[in-house]
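For reference, the structure discussed in these notes is given below.
The values are calculated or read from the model by the stated rules, or taken from the named source; none is laboratory data. These numbers come from a predicted model, not from an experiment. All Cβ positions, even for glycine, are placed from backbone atoms using ideal geometry, and neighbour counts span all protein chains on display. Side chains included, ligands, DNA and RNA excluded: accessible areas come from the protein's heavy atoms. Shrake-Rupley method; radii C 1.70, N 1.55, O 1.52, S 1.80 Å.
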2 protein chains.
Amino acid sequence: MMTAQTATTKRLGAQTIRFQGKPVIISTASVVGPKEGQGPLSADFDVIKPDTHFGQASWEHAETAMMYEAAGIAAGKCGLGLQELDLMLAGDLLNQTLASSFAARQIYIPFLGLYGACSTLAESMTLASVFIDGGYASRVLAAVSSHHDSAERQYRYPTEFGAQRVPSAQWTVTGAGAAIIAAQGEGPVIASATIGKVVDFGIKDSNDMGSAMAPAAAQTILQHLKDTGSPADAYDLVVTGDLAEVGNKILLKLLSEAGLNLGNRLDDCGLMIFDRQTQNVKSGGSGCGCSAVVFCGHLNSRLLSGELGRILLVCTGALLSPTSYQQGDTIPCIAHAVCIESSASGKGGRGGTST
Amino acid sequence: MMTAQTATTKRLGAQTIRFQGKPVIISTASVVGPKEGQGPLSADFDVIKPDTHFGQASWEHAETAMMYEAAGIAAGKCGLGLQELDLMLAGDLLNQTLASSFAARQIYIPFLGLYGACSTLAESMTLASVFIDGGYASRVLAAVSSHHDSAERQYRYPTEFGAQRVPSAQWTVTGAGAAIIAAQGEGPVIASATIGKVVDFGIKDSNDMGSAMAPAAAQTILQHLKDTGSPADAYDLVVTGDLAEVGNKILLKLLSEAGLNLGNRLDDCGLMIFDRQTQNVKSGGSGCGCSAVVFCGHLNSRLLSGELGRILLVCTGALLSPTSYQQGDTIPCIAHAVCIESSASGKGGRGGTST
């Protein structure tokens, strides 16, 4: 709860902060594996790898290499070297966020490690915006990755085991996204961010993350609209991280029960990245690389072109671990939302956060 | 590297930020296990548990309960409920930072999860200060925990196995520390923070974390003094997170080679928390709970009394995982430093960051 005596216009309501300096996303990059490269968004990715090893000795090393490559491409696109960035904010799904720490070792700039499961992209963009808007940094790298095979063997079964997958299961995306957020430059701007609370509706099934995460997404979306005083049509697109088919349906129902009907302005990165009819991904995509590459590869392009004027990117994270699952705990979930506006002429600024 | 065109007085040199608003540590709390309660700092902890289960069904649940209790005590000390805090920044050593996520579920305020291994306290205090100083929050909870038994079985061997410990090994502290950092109030203030880079000198032995982390601590300390233009005697105490005996000796040597002699103004939380002669902890204490309870329990009291005028708290983290160890990787390490000044009369403001 924001306390009244020090309220400023930087803070809107209970969970939302507004960036008056409008931090700019000056560059993004996405690197994905072969399966993601065969999906509907293939044209939007910077690099599609032919296999999931990327010439590395392990999947964990491959994931590290993927994050490092995405960061380098993002920096290169705006004519910068990685050493010219002030700060790296990064996270992934591996135990001890291995991929991020090892990528940070190569990049060798000030680094803060994050863990938000699949909410990590929005967490990193929120923190980057705070650093930029507050004047504590001028260029920040936000980087996020997941790798299907490194995640599968850590969270579920050895991939060689060939465990049968249930219809509610999601396919962890092999992909890394990197965004460079700056005080000055051209690109979509980050107008506000809503920091989520941990929500737990009692789901215990680690093969049904969508159901577990949907209530957290609903809470954050509703709180964001309340905090900013935005109407339901303030956004061209409200896009959740990776609820996939099962979770997306539950989110629609929860929002509807709260009186909010986003209609076809609601979509989900886990639904967008794969063709569920042909790619055998069950409910859809997941993993923090999912929202990372869908945003850095696909959505940012549409913001740059002006096709999208304003979006609310709502990254959802299931904060379980194999240990908590084995101990019979329910799954705590979180969702962080970032409002991103196109700076292309004639778009952006439609309703919303301008109070 | 901080870029020249947007340099402000909030940024000092390559890695350091200065907090003009001087965020205040209005409250801290510490909860520890029985072994820590038998050590030299026992009088400074708020709660000493009689066993390591705390009435919970697992050590992971015990760790969660410990973090939640520390947070509640810290809030209570300044007359606040946990719901009156704007933001929780927390991390721990468990896979997927389980203790933090589950504690955040109970606290139910906006939450951002961090992973910095044993550097997490300084990471959380740095980020809290950015939120406070920038005007994005008025009261932030920084919370950090580790638990000897949950860590031991995750990182090394089942505790029942009774593996022999080598002299360079460190004993993971069972403890949780919580600090409430605010825009207004009474208490020590956070003047500046230096965000570390990942440093890796090629150490592979996960039973010798002190050797691995010492170079990161040296880099951050030297960079902090350079960035702030501080002389060697600017601090009453430069206290590293948990280098313990082996790492502390290496740090002394590295600093000496760089021309810096801190003499008896250099100490280490891993050396302070246990009596190595009688408590069989080998090189000393470790775990992110180590610096958390030494700061929240011991050092903060000495800042409050004015016994310490200004300290540099340098939390060191070894960013390895059992997977990286098994794959033969070396250990990437990081150290973040926070400059904390007493607000007690006649102390603080001795040399240093006032440029």
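Counting only residues that are in contact (Cβ under 8 Å) with a residue 60 or more places away in the chain, among the charged types (D, E, K, R) and either over 17 Å from B:GLN96 (Cα atoms) or not in a helix (DSSP H, G or I) (or both), the range A:98-148 holds 2 of them.
Of all the numbered requirements in (1) free of Cβ contacts under 8 Å to residues at least 60 places away in the same chain; (2) under 20 Å from B:GLY196 (Cβ atoms), B:GLN326 misses one, and that requirement is (2). Comparison of A:GLY185, A:GLY162 shows that the only residue that is farther than 18 Å from A:ALA335 by Cα, within 12 Å of another protein chain (Cβ to nearest Cβ) and surrounded by fewer than 23 Cβ atoms within 10 Å (Cβ to Cβ) is A:GLY185.
So that you can scan it fast, the table gives a plain yes or no per residue for (1) on the phi > 0 side of the Ramachandran plot; (2) at pLDDT 95 or above:
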position: A:ALA176; (1), (2): no, yes
position: A:GLU186; (1), (2): no, yes
position: A:VAL189; (1), (2): no, yes
position: A:ALA193; (1), (2): no, yes
position: A:ASP200; (1), (2): no, yes
position: A:SER206; (1), (2): no, no
position: A:ALA216; (1), (2): no, yes
position: A:GLY229; (1), (2): yes, yes
position: A:ALA232; (1), (2): no, no
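The condition of being outside any strand (DSSP E or B), of a type in the set (Gly, Ala, Ser) and buried (at least 22 other Cβ atoms within 10 Å of the Cβ) holds for only one of A:ALA29, A:ALA65, A:ALA14, A:ALA57, that being A:ALA65.
The helices (runs of 4 or more DSSP H) falling completely within the range B:288-341 that include 3 or more residues that are within 14 Å of chain A (Cβ to nearest Cβ) map to B:322-326.
Each residue in the range A:95-124 was checked for being open to solvent by 10 Å² or more (accessible area, probe 1.4 Å) and under 15 Å from the mean Cα position of the chain (by Cα), and 1 pass. Evaluate the range B:145-159: report whether one residue or more is under 14 Å from B:VAL31 (Cβ atoms), β-branched (Val, Ile, Thr) and either in contact with a Pro (Cβ under 8 Å, 6 or more places away or on another chain) or more than 13 Å from every other protein chain (Cβ to nearest Cβ) (or both). For the range B:145-159, residues under 14 Å from B:VAL31 (Cβ atoms), β-branched (Val, Ile, Thr) and either in contact with a Pro (Cβ under 8 Å, 6 or more places away or on another chain) or more than 13 Å from every other protein chain (Cβ to nearest Cβ) (or both): absent.
Yes/no per residue for (1) open to solvent by 10 Å² or more (accessible area, probe 1.4 Å); (2) over 27 Å from B:ASN95 (Cα atoms); (3) modelled with pLDDT of 95 or more; (4) not small (Gly, Ala, Ser):
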position: A:CYS290; (1), (2), (3), (4): no, no, yes, yes
position: A:HIS298; (1), (2), (3), (4): yes, yes, yes, yes
position: A:ARG302; (1), (2), (3), (4): yes, yes, yes, yes
position: A:LEU312; (1), (2), (3), (4): no, yes, yes, yes
position: A:GLY317; (1), (2), (3), (4): no, no, yes, no
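Being part of a loop (DSSP other than H, G, I, E, B), out of contact with any Lys or Arg (no Cβ under 9 Å at 6 or more places or on another chain) and farther than 18 Å from A:LEU271 by Cβ, is that true of even one residue in the range A:240-257? No, every residue in the range A:240-257 fails to be part of a loop (DSSP other than H, G, I, E, B), out of contact with any Lys or Arg (no Cβ under 9 Å at 6 or more places or on another chain) and farther than 18 Å from A:LEU271 by Cβ.
What number of residues within the range A:147-166 are in contact with a Phe, Trp or Tyr (Cβ under 6 Å, 6 or more places away or on another chain) and of a type outside the set (A, V, I, L, M)? Within the range A:147-166, residues that are in contact with a Phe, Trp or Tyr (Cβ under 6 Å, 6 or more places away or on another chain) and of a type outside the set (A, V, I, L, M) number 3. Taking the range B:241-261 as the range and being open to solvent by 10 Å² or more (accessible area, probe 1.4 Å) and either among the aliphatic types (A, V, I, L, M) or in contact with a Gly (Cβ under 8 Å, 6 or more places away or on another chain) (or both) as the test, the residues that pass are B:GLU245, B:VAL246, B:ASN248, B:ILE250, B:LEU252, B:LEU254, B:ALA258, B:LEU260. Taken over the range A:226-262, the criterion of being within 19 Å of the chain's Cα centre (by Cα) and without any contact (Cβ under 8 Å) to a residue 40 or more places away in the chain is satisfied by A:GLU245, A:ASN248, A:LEU251. Of the residues making up the range B:156-199, those that are part of a loop (DSSP other than H, G, I, E, B), touching a residue at least 40 places away in the same chain (Cβ under 8 Å) and small (Gly, Ala, Ser) are B:SER168, B:ALA169, B:ALA183, B:GLY185, B:GLY187, B:GLY196. Check off (1) within 14 Å of another protein chain (Cβ to nearest Cβ); (2) in contact with a strand residue (DSSP E or B) (Cβ under 7 Å, 6 or more places away or on another chain); (3) open to solvent by 40 Å² or more (accessible area, probe 1.4 Å); (4) closer than 21 Å to A:THR120 by Cβ for A:ASP267 and give me the number that stays unchecked. Unmet condition: (1). A:VAL130 meets the conditions (1) open to solvent by less than 10 Å² (accessible area, probe 1.4 Å); (2) facing chain B (nearest Cβ under 10 Å); (3) closer than 29 Å to B:PRO215 by Cα in every case but one. The failed one is (3). Out of all the residues in the range B:59-112, which are more than 12 Å from chain A (Cβ to nearest Cβ) and within 19 Å of A:GLN219 (Cβ to Cβ)? Once the filter is applied, which keeps residues that are more than 12 Å from chain A (Cβ to nearest Cβ) and within 19 Å of A:GLN219 (Cβ to Cβ), the range B:59-112 yields nothing. Taking the criterion of being in a helix (DSSP H, G or I) and surrounded by 24 or more Cβ atoms within 10 Å (Cβ to Cβ), the only residue of the range A:72-94 that qualifies is A:ALA74.
Among the residues of the range A:25-55, the one identified as closer than 30 Å to B:LEU87 by Cα and out of contact with any helix residue (DSSP H, G or I) (no Cβ under 8 Å at 6 or more places or on another chain) is A:ILE26. Please tell me if A:GLN20 is in a loop (DSSP other than H, G, I, E, B), more than 8 Å from every other protein chain (Cβ to nearest Cβ) and touching a residue at least 40 places away in the same chain (Cβ under 8 Å). Spelling it out, A:GLN20 is indeed in a loop (DSSP other than H, G, I, E, B), more than 8 Å from every other protein chain (Cβ to nearest Cβ) and touching a residue at least 40 places away in the same chain (Cβ under 8 Å).
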